[in-house]
Amino acid sequence: MTPRNRLGRLDNGPVAGIAAGVLGLGIAELIAALVRGASPLLALGDRVIDLTPRWLKEAAVATFGTADKPVLLACVALVTLALLGAAGALAVRRPALCAALLLLLGAVDVAALVADRAGNGAMGIVALMIGLAVGIATLVLLTRRLREAGADRDEAEAPDGFDRRGFLVAAAAVTAVGAAGGIGAKVVTGRRVPTTTVGIPTPVSPAVPLPEGAALRVDGITPYLTPVDEFYRIDIALLTPRVDIADYRLKIHGMVETPVELTYQDLLAMPLYERRVTIACVSNEVGGDLIGNATWTGVRIRDVLKRAGVDPGADAVKSTGADGITIGTPLEALTDGRDALLAIAQNGEPLTRDHGFPVRMVVPGLYGYVSATKWLTELEVTRFDDFSAYWSERGWSAQGPIKTECRIDLPGDDLMPGERVVAGVAWAQHRGVNKVEVRIDDGPWQSATLATEDSIDTWRQWTYRWDATEGEHRIQARATDRTGTPQTAQEAPPAPDGASGYPTRTVRVG
Ligand SMILES: Nc1nc2c(c(=O)[nH]1)N[C@H]1C(S)=C(S)[C@@H](COP(=O)(O)O)O[C@H]1N2
Ligand SMILES: [Mo]
């Protein structure tokens, strides 16, 4: 027995486990895609998102930003592969333990599929069972020769006459077929595009033209309007829901006189409003970029609620997205005259899938997690006392008005002495920004120059001329809203109801 044999033997089990696992998973994914079942792998990822503690979720968003989901999926795939490798190793020496591990893995995935909110969990389970059966059969075949030898030998040695090359070729072929199945699954779901293309009718109430001086031409400042492809994206949907507008239905029910069901065409036929609104994520750190300003076109939520007739005892609307999220919004914010919309277009184009196609909510003044439901399927008129929304169940505040904040975009970290521009954006949605001040090295607060106000629901750019002297300097800014309240100096993390504190930038001059 040589060390090489020992190594060779140790390798074979995991190789067989991973190859058979990739085949089983690939087949399960392909079948799930073909029968429109929920994906077993994505269902697992979804449950991981649900069960991830808040601190870890925040750390993930802070570290990976919008790439948090691909990173999560990669982690789920790696852990799954590692477990399959372990199962393969056990298959050679402890077949009973191997069977137990595979059953456990299958059971966990079945549980994930049962809890699946977005897709067809039952068909996903059928696909998983077939994949599991194919995977187990393949593992049995691949490890047969190894097991025959292992049964009466203690030595970590490949059996006599074991054709390792043939084994590896077989394992590679099996892996390739599995990978092809996985790619096939992606192609099948990717092809399934909505059957109808959308033309957005002319709004009865277009947005007012952008006031002169609302969008500054300063190099490096946040653009006043955020292009759709640069707009931040935050949601719990691992697989962006694909909603066909031909099948689209919005249910309005709960504490109403008459429940109403609206099709996409019904919505298009209602008066459309076009408004610029800055929406923000509660997870945004001070100085962060989970905020964007867009022109939204849609139906007023109060017009839709009026059709159903709201019970005066209600104080909340619980909305549901096709990804299964539930969001609780104060009824008042939807009916008090602000332009709370069921948006169908962003910056003049139909919503993209990432941002909620075909219909999403946009409510001025509230963080996204309590207002901006994407892939909207349901509005239930209710009371805050009678339900808890997805994020409330995870420790976030049930109410989420956006805190007055600002951000410093300019200058960069290194600059030359002389007159320099400090600039950024400030927001206090639905109260409006009244003032922005800047201070250098804890000196006195100095007024910045504000761009022209567009509306109280949008952010405002600001600039400040600074005579930069050599050395290291600390720049801070603070905004004051139109009620006269300055943003708080109190530093707070995003949880449970939004980060606060002065944005601070340390620069080196010289
Ligand atoms: N269906 C659904 N809608 C959702 C979410 C979600 O996870 N699912 N996330 C909300 C959160 S936390 C925010 S900040 C906004 C982000 O909208 P955006 O991705 O279009 O920028 O969507 C909101 N709407
Ligand atoms: Mo958010």
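The values are calculated or read from the model by the stated rules, or taken from the named source; none is laboratory data. Keep in mind it's a predicted model, so treat the numbers as computed, not measured. Every residue, glycine as well, gets a Cβ built from its backbone with ideal geometry; the counts of neighbours run over all protein chains shown. Heads up: the accessible areas ignore ligands, DNA and RNA and are worked out on the full protein's heavy atoms, side chains in. Shrake-Rupley method; radii C 1.70, N 1.55, O 1.52, S 1.80 Å.
Only residues that are among the polar types (S, T, N, Q) and not in a helix (DSSP H, G or I): list them for segment 94-140, please.
Answer for segment 94-140, where residues must be among the polar types (S, T, N, Q) and not in a helix (DSSP H, G or I): just N120.
Of the conditions (1) touching a helix residue (DSSP H, G or I) at 6+ places or on another chain (Cβ under 6 Å); (2) within 28 Å of N120 (Cα to Cα), G13 clears all except one; give me its number.
Failed condition: (2).
Could you check segment 280-289 and list, in sequence order, the residues that are more than 9 Å from ligand 2 (Cβ to nearest atom) and touching a Gly at 6+ places or on another chain (Cβ under 7 Å)?
V286
List the strands (runs of 3 or more DSSP E) inside segment 204-306, counting only whole elements, that have at least 1 residues being open to solvent by 60 Å² or more (accessible area, probe 1.4 Å) and within 15 Å of L376 (Cα to Cα).
Correct list: 249-254, 260-263.
From the set of residues in segment 399-422 that are within 21 Å of D315 (Cα to Cα) and touching an Asp or Glu at 6+ places or on another chain (Cβ under 9 Å), which is nearest to ligand 1 (Cβ to nearest atom)?
Step one: filter segment 399-422 for residues within 21 Å of D315 (Cα to Cα), giving 399-402.
Restricting the remaining residues to those that are touching an Asp or Glu at 6+ places or on another chain (Cβ under 9 Å) gives 399-401.
Details: Q399: 14, G400: 9, P401: 14 Å.
Among those that are within 21 Å of D315 (Cα to Cα) and touching an Asp or Glu at 6+ places or on another chain (Cβ under 9 Å), it is G400.
Mind listing just one residue for me: the one in segment 367-391 that is within 19 Å of P496 (Cβ to Cβ) and among the polar types (S, T, N, Q) and, of those, farthest from ligand 2 (Cβ to nearest atom)?
Restricting to residues being within 19 Å of P496 (Cβ to Cβ) and among the polar types (S, T, N, Q), the top hit is S388.
Condition test on L101, is it at pLDDT 90 or above, crowded, with 17+ Cβ neighbours inside 10 Å and either of a type in the set (A, V, I, L, M, F, W, C) or under 24 Å from the mean Cα position of the chain (by Cα) (or both)?
It is true that L101 is at pLDDT 90 or above, crowded, with 17+ Cβ neighbours inside 10 Å and either of a type in the set (A, V, I, L, M, F, W, C) or under 24 Å from the mean Cα position of the chain (by Cα) (or both).
If A294 meets every condition in (1) among the hydrophobic types (A, V, I, L, M, F, W, C); (2) within 10 Å of ligand 1 (Cβ to nearest atom); (3) farther than 26 Å from F64 by Cα apart from one, which number is that one?
Only one criterion is unmet by A294, namely (3).
Out of all the residues in segment 74-89, is one or more under 16 Å from the mean Cα position of the chain (by Cα), within 25 Å of G184 (Cβ to Cβ) and open to solvent by 30 Å² or more (accessible area, probe 1.4 Å)? So that I can check it myself, show each step before the final result.
Our first condition is that a residue be under 16 Å from the mean Cα position of the chain (by Cα); within segment 74-89, this holds for 74.
If we keep only those that are within 25 Å of G184 (Cβ to Cβ) as well, we get 74.
With open to solvent by 30 Å² or more (accessible area, probe 1.4 Å) added as a condition, the list becomes 74.
Yes, the conditions are met somewhere in segment 74-89.
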